[in-house]
1. Please work out the FRET efficiency for the pair Gln13 and Leu39, using the Cβ-Cβ distance as r and a Förster radius of 25 Å; give the result to the nearest 0.05.
2. Can you pick out the pairs among Lys67/Lys90; Lys3/Lys30; Lys2/Lys30 whose Cα atoms lie more than 23 Å from each other?
3. So between Leu5 and His55, what do we pick up on full extension, going 0.36 nm a residue minus the alpha carbon distance?
4. What translational D, rounded to a whole number of µm²/s, comes out for the chain from Stokes-Einstein when the hydrodynamic radius is the Kirkwood one over Cα pairs, at 10 °C and 1.306 mPa s?
5. When the helix-only estimate is applied to the chain (DSSP H runs of n ≥ 4, each -39,500 (n - 2.57), divided by the residue count), what is the mean residue ellipticity at 222 nm, nearest 500 deg cm²/dmol?
Amino acid sequence: MKKILEESFSMIQQMQCIISRDVVFDGTAKVAHMLVNDLDTFNSLKKHEIAYMLHIQPETLSRILNKLTRNGTIEIDKNNVVILNVQELKDIYE
């Protein structure tokens, strides 16, 4: 019973984090958070799928990625994002 309660509590905490992140973060923060914490998934999905997951428009995602590229924070190589400055991304959402 204790193990079930611990797992349930952990799941509740994860859901609270997701909800909080979705409500509090703007589009740039959502993208930065996903790049830092889940780069492999980001690179394996199509851009419209990522936009859907992050609850932003595909055009917004493109603008954010272009901005991060111009700033020298990321680089896009053959449709894969390469992080050049992790701390800059973290500063966006922390």
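1. For Gln13 and Leu39, the calculated efficiency is 0.60.
2. Table pairs above 23 Å Cα-Cα are Lys3/Lys30; Lys2/Lys30.
3. Contour length minus Cα-Cα distance gives 14.9 nm.
4. The diffusion coefficient I find is 111 µm²/s.
5. Helix contribution divided over all residues of the chain: -22500 deg cm²/dmol.
No lab work stands behind these numbers, since they all come straight from the coordinates. Computed from a predicted model, the values in this text were never measured in an experiment. Glycine also receives a Cβ, built like all others from the backbone with ideal geometry; neighbour counts cover every protein chain displayed.
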